[in-house]
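Asker: After the structure tokens below, expect a handful of questions from me.
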Amino acid sequence: MNTRVSIVRCSDYSGVKGAIKEALNLIGGLESVISPGNRVLLKPNVLAIRPPEDAVTTHPAIVSAMCELVLEAGGIPVIGDGSGIAKPGSTTTTEAFRASGIEGAAYAVGAELINFETSGYTEVSVPNARHFPRLYVAKAVLEADVVISLPKLKTHELTLYTGAVKNFFGAVPQKIRKQAHALEDRDRFGHAVVDIYSIAKPHLAVMDGVFGMEGNGPSNGTPVFAGVVMASYDCVALDIVASELIGIDPLKVPTNKAALSRGFGTRHPEVAGVPLQEVNLRFKRPEGGITAYMPAFLIGILRKQLTVKPFINTSRCAFCKACVLNCSAHAIEEVGRTLTINQQKCIQCYCCRELCPNDAVEIKKSLLLKIVTRSKT
């Protein structure tokens, strides 16, 4: 597979179609993966019910431009995803499509919009699986002729960085996502995500890096201008370059590490377009993932003193229970009309924090960790 990664500057979403076209031409063009009549699934990151300016979701201009380019290549664009849970039922993804502007982008070009939660899943076997020998995967992903990942350039409190590979975490049911988070280990979680990626058959990835998110991503960080669009036929190669671009060691990212160990991608992809050193950024690192940069022996000795614990700020909590619905460890308990996190049960996956619509879940670092990591943040 061609593992070349292109980087193109893009100063504004109004010019994003031209930037994407240039990025695609640098790696071989869209026509090399799309034949006339192909059903092309575009998989954006529609994590939560958030507006595009929050930089939590893939920008609708990216989705719109890709739909137009797919049509120009003779393909039939469809857009699909499955969001995190904000409330009981299957309306979260529908509301997230609307809030993110992606619903409007789909309607404007006549593209079908698919809610993975309601369109159904198919059980499949996973060759050489590490954690999920069998998985339920969105029918829309499996039935598409071409699958394209449209990730957002963001940091992530559990995996440090999230991109083209982890974007397919949204292609499986919530139950499987909870099982993956319950593994309680970054490296094991990385392999679980790669199990999903290995059967999602992505043919291409185009990254929204015009505005990304730094700090406590993927939903509680700060929007930041990065000014790039990136593309690759290889999702792992793109993630290697993108994580390095924002100042994160690619091999510290669990999904990168797991994917490379299993023969996906390459450690040193060729970069086309703007040289990596010319656009190197340093995104603020996520607090939850800061221990990934610390020596293993130190963590082993001082594990109890090096903690990053989530807690619920009751003054901001709306008692919507999104955190309860997303907690893999069942660690969030009701005490009257308030919610509290049982630290004995908490596995520090930060799903509660990631999907709280009111940003009521905050982080408390131990004193020792504050001292040790002061220079890292």
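Asker: With a 4.7 Å Cβ cut-off, tell me which Cys residues in the chain come up empty for a partner.
Answerer: Cys10, Cys67, Cys235, Cys317, Cys320, Cys327, Cys346, Cys349, Cys351, Cys356 - these cysteines have no disulfide-compatible partner (Cβ-Cβ under 4.7 Å) in the chain.
Asker: Can you tell which of Glu354, Glu214, Glu31 shows the greatest fluctuation in a Gaussian network model of the chain with Cα springs below 10 Å?
Answerer: Greatest mean-square fluctuation among the candidates belongs to Glu31.
Asker: Take the Cα of Arg188, step 7 Å along the line toward its Cβ, and report every residue of region 243-281 whose backbone nitrogen sits under 16 Å from that point.
Answerer: Flagged as within label range: 254-255, 258.
Asker: Give me the dipole magnitude in Debye, nearest 20, for the chain about the Cα centre, with unit charges on the beta carbon: positive for Lys and Arg, negative for Asp and Glu. Before the final figure, lay out each step's value.
Answerer: Working: 41 positive and 34 negative charges, 308 e Å.
The calculation lands at about 1480 debye.
Asker: Hey, what did the chain get for relative contact order, percent, Cα under 8 Å, at least 6 apart?
Answerer: Relative contact order, the chain: 19 percent.
Asker: To continue, here is another question. Return the sequence-ordered ³J(HN,Hα) values of region 52-62 in whole Hz as given by the Karplus equation 6.51 cos²θ - 1.76 cosθ + 1.60 applied to θ = phi - 60°, using x for Gly and Pro.
Answerer: Once rounded to whole Hz, the list reads x, 5, 6, 6, 8, 10, 4, 5, x, 5, 5.
Asker: Please give the residues of region 1-26, grouped as numeric ranges, whose backbone N is less than 20 Å from a label point set 7 Å along the Cα-to-Cβ vector of Glu72.
Answerer: Within reach of a label on Glu72: 6-26.
Asker: Now, a different point. For the chain, with every protein chain kept in place, what is the accessible area per residue (1.4 Å probe, Å²)?
Answerer: 39 Å²
Asker: Heavy atoms only, probe 1.4 Å: what % of the accessible area of region 146-300 goes to carbon and sulfur, would you let me know?
Answerer: Percent of accessible area from carbon and sulfur atoms in region 146-300: 52.
Asker: Count the DSSP beta bridges whose two residues both fall in the chain, then state the antiparallel fraction as a percent rounded to the nearest 5.
Answerer: 60 percent
Asker: May I pose another question? Between Thr340 and Asp12, what's the calculated FRET efficiency when r is the beta-carbon distance and R0 is 51 Å? Round to 0.05.
Answerer: On the way: r = 44 Å, r/R0 = 0.86.
My answer for the efficiency is 0.70.
Asker: Could I have the simple spin-label model distance between Glu31 and Glu95, label points 7 Å from Cα toward Cβ, reported in nm to one decimal?
Answerer: The two pseudo-label positions are separated by 4.5 nm.
Asker: If the chain between Ser119 and Thr266 were fully stretched, how many nm would it gain, using 0.36 nm times the residue separation less the Cα-Cα distance?
Answerer: Fully extending the segment from Ser119 to Thr266 adds 49.5 nm.
The values are calculated or read from the model by the stated rules, or taken from the named source; none is laboratory data. Quick caveat, the model's predicted, so the values are computed rather than measured. Cβ: placed from backbone, ideal geometry, glycine included. Neighbour counts: every protein chain shown. What goes into the accessible areas is simple: the full protein's heavy atoms, side chains included, and nothing from ligands, DNA or RNA. Shrake-Rupley method; radii C 1.70, N 1.55, O 1.52, S 1.80 Å.
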